[in-house]
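The values are calculated or read from the model by the stated rules, or taken from the named source; none is laboratory data. Note that the coordinates shown come from a computational prediction; the quantities given were computed from them, not determined experimentally. Here Cβ is always computed from backbone atoms with ideal geometry, including for glycine, and neighbour counts include all displayed protein chains. Remember, those area values only see protein heavy atoms, side chains included, never the ligands or the DNA or RNA. Shrake-Rupley method; radii C 1.70, N 1.55, O 1.52, S 1.80 Å.
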Amino acid sequence: MWEWSNRILNKKRPKAAKTLQEAYNDLLLPNSLPPSEMVKNQDIAAEDSASLAPPGPEEMLRILEKRLTEFNLKNFTLREASYEPQNWQEMDSGYIEYRRIREVFLKLLGYSHINDCQTAGLTKADIKLLRRSIAPENFDVHMKIPFDFGGTLDFNNLCLIQTHPRHDLVHRLIDMQIENNYLRTYKKIYLPWFDGRIYHD
């Protein structure tokens, strides 16, 4: 759920930061990272890499739609979401509640969505794990819209997805917008959205 932010924030958790936006500002200032890191995704680097200017919203949407196809993420669409930064206390509190809801969500899938489980390739043993609130090997619960973009702990905002490569690819699309100053510049992001509780092609 928080992988997209923790991967960057864990490198340096600023003592004075009250919100994720402050943390991003600290981490993503042009002087804080070498240009090669800021523009490492060639497809969204500006023609003049020295400027570190992110693509505009229409161009970013076009790039992400192209990546959805290349990554073979069928049944995913893109939803625009505004950035609503949380402070560290809100994040910690939300994570505690997420862990509780996650267990209930997994159990629900194991008992009430057996056909979807089988369609996604889960075995009888995997379904038994779900009923014990355990994610099967190489599967994870994904929060479709994170708290920082208006997401809630409603079951419709959660889905079970294959960790490698599907979940990793979803977060690559999100990272593309964080690491190249798009989020910082426009205060919004395009989130890959799957309209279901268990992802399958």
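Based on Cα contacts under 8 Å between residues 6+ apart, the stretch 72-201 shows a relative contact order of 37 percent. With a simple spin-label model that places each label point 7 Å from the Cα along the Cα-to-Cβ direction, the separation between V104 and T69 comes to 4.1 nm. With a sphere of radius 11 Å drawn around the Cβ of C159, what net charge do the other residues whose Cβ falls strictly inside it have (Lys, Arg +1; Asp, Glu -1)? Cβ neighbours under 11 Å give a net charge of 0.
For the stretch 64-201, the fraction of 1.4 Å probe accessible surface lying on carbon and sulfur atoms is 46 percent.
Extending 7 Å from Cα along the Cβ direction at S112 and again at A125 yields two label points whose distance is 2.8 nm.
Using θ = phi - 60° in the Karplus curve 6.51 cos²θ - 1.76 cosθ + 1.60, the 3J(HN,Hα) couplings for the stretch 111-121 round to 9, 10, 10, 4, 4, 5, 4, 5, 4, 7, x Hz; x is entered for Gly and Pro. All other residues with a Cβ under 15 Å from the Cβ of I127 taken together, and with Lys, Arg as +1 and Asp, Glu as -1, what is their net charge? Net of charged neighbours comes to +3. Close amide H pairs (under 5 Å, H built 1.01 Å from N) link L191 with R79, E80, A81, residues at least 5 positions away or on another chain.
Loop-located GluC sites (Glu not before Pro) in the stretch 83-144 (DSSP state other than H, G, I, E, B) with a sparse environment of at most 10 neighbouring Cβ atoms within 10 Å: E137.
Residue by residue, the stretch 151-161 carries 3J(HN,Hα) couplings of x, 10, 8, 6, 4, 5, 9, 10, 8, 8, 9 Hz when phi is fed to the Karplus relation 6.51 cos²θ - 1.76 cosθ + 1.60 (θ = phi - 60°); x denotes Gly or Pro.
For the stretch 67-201, what class follows from the C-alpha gyration tensor (a ≥ b ≥ c being the square roots of its eigenvalues): rounded when a/c is under 1.5, otherwise prolate if a/b is larger than b/c, else oblate? Oblate shape, in that a/c is at least 1.5 and b/c is the bigger or equal ratio.
When peptides 55-66, 181-192, 153-164 are sorted by average Cβ neighbour count within 10 Å, with the highest value leading, the order is 181-192, 153-164, 55-66. Determine the shape class of the stretch 141-201: with a ≥ b ≥ c the square roots of the Cα gyration tensor eigenvalues, call it rounded for a/c under 1.5, and otherwise prolate if a/b is greater than b/c, oblate otherwise. The shape class here is oblate. Net charge in the neighbourhood of D201 (other residues with Cβ under 11 Å of its Cβ; Lys, Arg +1, Asp, Glu -1) is +2. Restriction of the trypsin sites (Lys or Arg not before Pro) in the stretch 107-158 to DSSP coil positions whose beta-carbon has at most 13 other beta-carbons within 10 angstrom yields R132.
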